[in-house]
Structures are given as C-alpha cells and as structure tokens.
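**Q** Quick one: the structure is below, and I'll ask about it shortly.
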Amino acid sequence: MDFLTLFAIYVVVVLTCIILICKYSGQEQTPFTLLYDSLAKVFGSITPKWIQRFSQRAMHKLFHQRNNMFIYIHYLLEGAVYAEFTYEVFGYCREMDTTLISLSVPYILLAFKTLFFYLCIKKDPGTVTKKKVAGQLHIYPYDRRLFHPGVACPTCQLVKPARSKHCRVCNRCVQRFDHHCVWVNNCIGSQNTRYFLLYLLTLSAMAGDIALLTGDMLLHAILRSGLLRATYIDDDGQQQPAGPLFVVQHLFLTFPRIVFMLGFLVFLFFLLAGYALFHTYLALVNQTSNEWYKSRGYVCQHCHPAAADRPCSSAPDHSKRNFYSKGLLQNIGEIFFPPQPVQKKDN
C-alpha cells in the first residue's frame with residue numbers, strides 16, 4: 001500500500017471519528033454537525049428507504065437508549081493504545097534512556113482514570129424520587145428564569161426541583177442535571193459530576209503524556225536515522241534534499257501503527273482538553289452544561305412568539321447569568337461535596 005493511499009485512509013478515519021463524536025457529544029451546532037446533516041441530506045435522496053430506516057433505528061438505539069456499546073468501544077480503543085505503547089514505544093523509549101518514572105506515568109494515570117470511569121458509570125447521579133423529592137426541592141432556590149417553582153415533570157409526575165431535568169435516555173429526573181454521557185452510559189448530575197470532571201482530566205493527561213512520549217520517540221528515530229540530512233534522486237535524475245514530506249512518508253511506512261496512534265492521541269487530547277476545560281469553567285462558576293446551553297438560547301416563556309421582537313419585563317437579567325455561583329471555593333466545594341436532600345425529622 002503506497003503512502004498516499006495509507007494517508008487518505010488515515011484522514012478519512014480521523015474525520016469520521018471527529019464528525020461522529022461532535023454529532024453525538026451533546027453539542028447541538030458545530031461545523032461538523034452541519035457537515036454531517038448536509039451529507040445526510042445529499043445521500044438520503046439516493047439511499048434506499050429500507051437502509052435509511054435501518055440506520056435510523058440503529059442510531060436511535062445506539063445514541064438514544066441506554067446501552068454499554070460506548071463503554072466497550074472506550075475499553076477497546078484504550079486497550080489498543082496501551083498495547084501499542086507497551087509493546088513498541090516503551091521499548092524504543094528505554095533504548096533512548098527514558099526514565100522508568102516517566103514511562104510509568106501513563107500507567108498510574110490509567111489506574112486513576114479507571115477508578116473515576118467506574119464511579120461515573122455506577123454512581124447514582126442524583127435521581128429525583130418520590131421519597132427524596134421533598135428534600136431535593138430545598139437544595140437549590142428557583143431562579144425564576146430557567147427554573148420555576150411548581151413545574152411538574154409530565155413523565156415522572158413529580159415537582160421538578162431547581163436545576164433538575166428529565167433525561168429521555170434514562171427516563172428519570174436528575175438533580176443538578178448536566179448532560180447524559182453515552183461514554184459512561186449514565187447521566188452526569190449532582191452526585192457524580194466530581195467523578196466525571198476527574199475522569200476527563202485524567203483521560204486528557206493520559207492522552208497528552210502518551211502523545212509526548214511517542215512524539216519524542218519518533219523525533220529521536222528521525223535524528224538517529226539522519227533523514228534530515230538525507231537526499232534522494234527524483235524522477236528527472238536530480239538529487240534532492242529530503243524535506244518534511246519525505247520524513248513524514250518515511251515515518252508512515254516505517255512506523256505505521258505508531259504514527260496512527262500518535263495522530264489519534266493528538267486529536268483526542270485537544271478534544272478532551274477543550275471539553276475538560278469547559279467543564280472546569282462550569283465548575284468554577286457553579287453552572288451545568290444544561291444551564292449554559294439554556295442561557296445561551298434563552299427565550300422568555302411569558303412572551304408570545306409574535307412579540308419576540310419586543311422587550312419583556314420578565315426577560316432574564318444576563319448580568320445574573322451565574323445565579324447559583326457562591327464564589328470560587330464554595331463552587332468547587334459544592335462539586336466535590338454536593339449538598340444532600342434535606343431530611344425531615346419525624347415528630
């Protein structure tokens with residue numbers, strides 16, 4: 001397989017992963033989701049109806065019903081990366097006299113990440129139940145902007161506490177609802193947000209650390225091979241210096257699996273690091289992603305659509321966007337020590 005074919009396959013695989021992750025990450029509008037929707041419309045006109053129905057049912061089951069598929073994919077990708085790192089990169093790094101302490105960091109991060117990942121999966125996110133709802137109603141005040149008192153969930157038939165939301169995938173209302181994460185097959189709510197944030201941070205650190213070690217190994221391989229000073233004979237019989245394209249082609253053909261892994265890790269690191277920073281910001285201002293999305297596209301419920309262009313006395317005060325913020329330290333404390341439902345004492 002020549003270099004251009006290999007590189008084309010690599011680009012297609014990476015772009016497909018980016019589009020699918022962006023499409024189903026919970027973010028409603030991104031350039032990739034718009035591209036996905038445009039391609040779906042184009043191919044939808046030439047695709048047989050039975051294939052469309054089958055794909056729609058498969059996508060609905062995969063992304064809109066609880067299942068462990070993404071947990072298995074998570075472990076499969078993680079196992080592939082660590083197998084490649086252990087059996088190839090680790091040995092090369094030892095030959096370069098990389099310390100065992102540096103090489104042990106990815107495995108230490110893996111242990112912590114696995115713990116937080118397990119807790120995200122198994123921990124109840126803060127389900128609103130008949131037994132707890134009376135106490136959950138007093139945890140947060142209603143801001144009367146995004147959350148209003150006396151509003152009942154039509155599915156659960158329970159009064160919705162402030163900051164709660166009904167998850168259609170899990171079919172339950174969740175206290176301090178952030179979002180439903182397909183990768184952990186669970187909602188992220190008041191009781192497991194801390195584990196999710198730590199999971200994102202350790203996973204980002206894992207991807208970044210392995211990418212740095214792998215990049216350092218490939219750089220040393222280039223320097224040792226003398227490729228930067230090498231020359232080659234072109235089609236006209238002229239001697240040409242080996243440029244960046246020649247070096248990249250050499251790496252693809254000499255270390256194809258390692259280069260594929262490095263490209264995947266670099267993409268994953270920037271994606272996860274951005275997502276982790278976003279959730280860190282939300283933790284610092286005591287806001288959920290559900291509230292962030294709602295506040296961006298907020299429309300006053302008291303306004304009639306025909307009067308949307310006229311100001312309303314009950315429109316939100318955007319200066320008080322972070323209504324639930326209590327200061328940096330208290331906001332962080334609330335993430336790691338979430339308030340519990342108020343228990344009424346029996347007389």
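Where a number appears in this text, it was derived from the coordinates with a stated rule and is not lab data. Predicted model, so just to flag it, every value in this text is computed and none were measured. Here Cβ is always computed from backbone atoms with ideal geometry, including for glycine, and neighbour counts include all displayed protein chains.
**Q** Quote the FRET efficiency, to the nearest 0.05, computed for Cys153 versus Phe337 with a Förster distance R0 of 35 Å and r equal to the Cβ-Cβ distance.
**A** E between Cys153 and Phe337, to the nearest 0.05, is 0.85.
**Q** Could you list, in their original order, any pairs among Lys130/Lys326; Lys160/Lys326; Lys122/Lys165; Lys113/Lys326 whose Cα atoms are separated by more than 25 Å?
**A** Result: Lys130/Lys326; Lys113/Lys326 exceed 25 Å.
**Q** Just rank Arg194, Arg66, fewest to most, by other beta-carbon atoms within 10 angstrom.
**A** Arg66, Arg194
**Q** Continuing with the same structure: For Phe112 and Phe270, compute 0.36 nm times the residue count separating them, minus their Cα-Cα distance, and round to one decimal in nm.
**A** Net length gain for the segment: 54.9 nm.
**Q** At 7 Å along Cα-to-Cβ for each site, give me the label-to-label distance between Phe70 and Arg168 in nm.
**A** So the two model labels end up 1.5 nm from each other.
**Q** What ranking, highest mean first, results for peptides 196-209, 80-93 when packing means the other Cβ atoms within 10 Å averaged over each residue?
**A** Averaged packing, sorted descending, gives the order 196-209, 80-93.
**Q** If R₀ is 22 angstrom, what is the calculated FRET efficiency for the pair Gln240 and His220, using the beta carbon separation as r and rounding to 0.05?
**A** Plugging the Cβ-Cβ distance into 1/(1 + (r/R0)^6) gives 0.35.
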